[in-house]
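Some notes on the structure that comes next.
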Protein chains: 2
Amino acid sequence: MAEPAASEDQIARLRLIRSENVGPITYFQLIARFGSAGAALAAIPDLAARGGGRSPKLASRASVEREIEQVARMGARYLFLGQGLYPPLLAELETAPPALVVKGHLSLLDRTGVAMVGARNASAAACRFARMLACRLGEAQVVIVSGLARGIDSAAHDGALETGTIAVVAGGVDVFYPPENEARQRAIAERGLLVAEAPPGVEPRARHFPWRNRIIAGLAHGTVVVEAAPKSGSLITARCAAELGREVMAVPGSPLDPRAQGCNQLIREGATLVQTADDVLEAISPLRVRPFRQRELDYVAPAASADPGEEDRRAVSGLLGATAVPVDELIRQSGLPPATVSTILLEMELAGRLERHAGGRVSLA
Amino acid sequence: MAEPAASEDQIARLRLIRSENVGPITYFQLIARFGSAGAALAAIPDLAARGGGRSPKLASRASVEREIEQVARMGARYLFLGQGLYPPLLAELETAPPALVVKGHLSLLDRTGVAMVGARNASAAACRFARMLACRLGEAQVVIVSGLARGIDSAAHDGALETGTIAVVAGGVDVFYPPENEARQRAIAERGLLVAEAPPGVEPRARHFPWRNRIIAGLAHGTVVVEAAPKSGSLITARCAAELGREVMAVPGSPLDPRAQGCNQLIREGATLVQTADDVLEAISPLRVRPFRQRELDYVAPAASADPGEEDRRAVSGLLGATAVPVDELIRQSGLPPATVSTILLEMELAGRLERHAGGRVSLA
């Protein structure tokens, strides 16, 4: 099936999100401020100058057209936030990816999803358990979402390959990582659904994985953690799910098993202990009929806020350091209007001087 | 140390609780109705006749005096509910034992107690875990209460033998059960505290064990379950603890391990997942300063309730069957005043026609 040619607006959206120093938050703020991706692209150089840096490198029209062609050639397609088939549950995230590259059966996005994540070095017993759990959930028409990592992720995908599974990869949909999962990744593209935030060809780097985890949690009604050590990536996914108000579930284990401690800790913190597919189905059932809070992209430029003065910029910049602080805290401590702080951070980010972290926190880059 | 001679009232109390068909509930109702154990003993034959049976066999003065002598000879002593050193936490039970036989260090009753119970056929790893947990809790001045069974109970006692442990046995303090625990039972009588509801010489029977479990839970600020199958006796102890408003804690395990399923289920139902002694100490800490609801024995005869009529007796008796029903339900369905239903049940119990079960339920005997 031929991919319909991208609209001018979609080309501009891709250029914006593929530009240097533009993440989802900056993207949304630019759209909200300038009304469209095209207008935002035009405004960036000036903003960056005010942020105290050179203009970030903007993605060229030619590079984005090459990407669109590549995506079409590999039989993949785009989903744009707020349009068409973009998954409403994922759209709820404050950091929802503005564009996704997907390959496979889009109809899987229409079913109740459960994320299953866990240790890459999980025990054989835990992997078998994860595969069985995924299989039982699949029989109950639940789609299994995971991250195609070694261990639990792979087992979960395998268990649900027949019934429906979605793999969210940290790099491009055409990059096989880990390498030994190539056959699995191909099988999921064929029979399930591959989802990537990155354009094709991107090799995943360490910083991509926590970012990717928010998409796994965001696509699912609930997240089940199977065997996870404390401070592991699986717990980041669980935290994302909790922040989204989704169900967090964990499979317990003996306190003598270090690989169970993350799960046991989650349960202590309020996650639902699950032992069977029925436990999972029971936990997510209220969500099945939950009305989605569909995120609306605000394309109408808001009332122009007073442009920040140099003094305001110094005040905010002075409050920032290497340690990430919540934006709310900056607003409180600076005493400036939220819109002003937001604009200053936007300028700084575009100038490459600001880094955004999970949970609405920022630090100097 | 010579045991002080028992008072006349204590002799009457022992005669009453050692009499046929008199359990703690009946005991309290008789005391409340007749003002003293002595008066209750005198009233029983008449009550039983009205309950439709012959008088229960009353414990003779001679037999109780022999028991008192035996208890003194073995270096044990009595604790009577509402008097002296009787543990206030245990006194909170609706079914608090009217008299306990204890042997060992009574000062242990004065410290914060945690019950540790679990499977008799527990895994070696779980037994080692239980021993370590008891040891750590002991180092924190917590007394470990358990039931001297095989498996987890034995491990818990062993871990706390140095620091303080209380064993509640289902038979007499001088009966070694299970036989292989004789040395352990002797060691606890020497260095810890042995507690029995039964008089010396009584061999434990199956029905004694669930009854005994309420004392384990009742003596402790919280109960930790380590490895327990569903429907096991350990879960009865946990349920008793929950009904008493005490902290229920469970050590999780893999869903693949059948011996972990009882614990995992408890956690699903709201028990606190514990992995370490610190987790246990944290869970019970609010209780350490909790004001005790000291149970007062009501020795003043209440306003004489209207004696039940024959029709009332038939109504209540007609509602009873082989399946245990809550007394509240009998009151609701019969439409009779609670005092009347209570008197009818008392008469029937003394006549040997009624059996009392956990949770305030009754059935035909």
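Odds and ends about this structure:
- Taking amide H as placed 1.01 Å from N in the peptide plane, B:Val362 has its amide H under 5 Å from the amide H of B:Val325, B:Val327, B:His357, each at least 5 places away in sequence or on another chain.
- A probe of 1.4 angstrom, applied to the heavy atoms of all protein chains, finds B:Glu310 with accessible area near 100 square angstrom.
- For the protein assembly as shown, the carbon plus sulfur part of the accessible surface works out to 52%, probe radius 1.4 Å.
- C-alpha long axis of helix B:124-139 to longest principal axis of chain B, angle in °: 80
- Chain B: antiparallel DSSP beta bridges as a percent of all, rounded to 5: 40
- Most mobile of A:Val327, A:Val101, A:Val280 in a GNM of chain A (Cα contacts under 10 Å): A:Val327
- Rounded to 5, the percent of DSSP beta bridges in the protein assembly as shown classed as antiparallel: 40
- Amide hydrogen neighbours beyond the local backbone of A:His105, cut-off 5 Å, H modeled: A:Gly192, A:Leu193, A:Leu194
- Inter-copy label distances at B:Ala39, shortest first and taken from points set 7 Å along Cα to Cβ: 9.1 nm.
- Student exercise, chain B dipole from Lys, Arg, Asp, Glu Cβ charges, in Debye to nearest 20: 460
- Full-extension gain in nm, B:Arg128 to B:Glu180, via 0.36 nm per residue minus C-alpha separation: 16.8 nm
- For the chain pair A and B, the interface hides roughly 1500 square angstrom of accessible area in total, found with a 1.4 Å probe.
- Sequentially through region A:103-108, phi angles give Karplus couplings (6.51, -1.76, 1.60; θ = phi - 60°) of 9, x, 8, 5, 4, 5 Hz, Gly and Pro residues having no value and appearing as x.
- For region A:86-233, the antiparallel share of DSSP beta bridges with both residues in that region comes to about 20%.
- Across the identical copies, how the B:Gly309 labels are spaced - nm, sorted shortest first, 7 Å along Cα→Cβ: 9.3
- Region B:302-364 and region B:156-183 have Cα centres spaced 38 Å apart.
- Evaluating 6.51 cos²θ - 1.76 cosθ + 1.60 at θ = phi - 60° for every residue in region A:252-259, the Karplus couplings come out as x, x, 5, x, 7, 9, x, 6 Hz, glycine and proline recorded as x.
- The simple spin-label model puts a point 7 Å past each Cα toward its Cβ; for A:Arg73 and A:Glu311 those points are separated by 5.7 nm.
- Couplings for region B:223-234, taken from phi via the Karplus curve 6.51 cos²θ - 1.76 cosθ + 1.60 with θ = phi - 60°, read 10, 9, 9, 10, 6, 9, 6, x, 6, 8, x, 4 Hz in order; Gly and Pro are left as x.
- Scanning residues 5 or more positions from B:His221 or on other chains, those with amide H under 5 Å from its amide H are B:Gly113, B:Val114, B:Ala115, with H placed 1.01 Å from N in the peptide plane.
- Stretching the chain fully between A:Gln83 and A:Leu319 yields a gain of 81.2 nm (0.36 nm per residue, less the alpha carbon separation).
- Hits among aspartates and glutamates - C-alpha to C-alpha of A:Lys103 under 18 Å, sequence gap 8 or more where chains match: A:Glu3, A:Glu67, A:Glu69, A:Asp158, A:Glu162, A:Asp174, A:Glu182, A:Glu190, A:Glu197, A:Glu203
- Calculated mean residue ellipticity, 222 nm, chain A: -13000 deg cm²/dmol, from DSSP H runs (n ≥ 4) at -39500 (n - 2.57) each, averaged per residue and rounded to 500.
- For the protein assembly as shown, the solvent-accessible area works out to 43 Å² per residue, with a probe of 1.4 Å and every protein chain left in place.
- With the simple model of a label 7 Å out from the Cα in the direction of the Cβ, A:Ala206 to A:Arg361 spans 1.7 nm.
- At least 40 Å² of accessible area lost relative to the chain alone, listed for region B:244-260 with a 1.4 Å probe: B:Pro252, B:Pro255, B:Leu256
- Partners for A:Lys231 among aspartates and glutamates (Cα-Cα distance below 13 Å; same-chain residues under 8 apart left out): none
- Pairwise centroid distance, computed over Cα atoms, of region A:218-235 with region A:1-54, Å: 32
The values are calculated or read from the model by the stated rules, or taken from the named source; none is laboratory data. Note that the structure is predicted; figures quoted are calculated from it, not measured. As a convention, Cβ positions derive from the backbone with ideal geometry for all residues, glycine included, and neighbour counts pool all protein chains shown. What goes into the accessible areas is simple: the full protein's heavy atoms, side chains included, and nothing from ligands, DNA or RNA. Shrake-Rupley method; radii C 1.70, N 1.55, O 1.52, S 1.80 Å.
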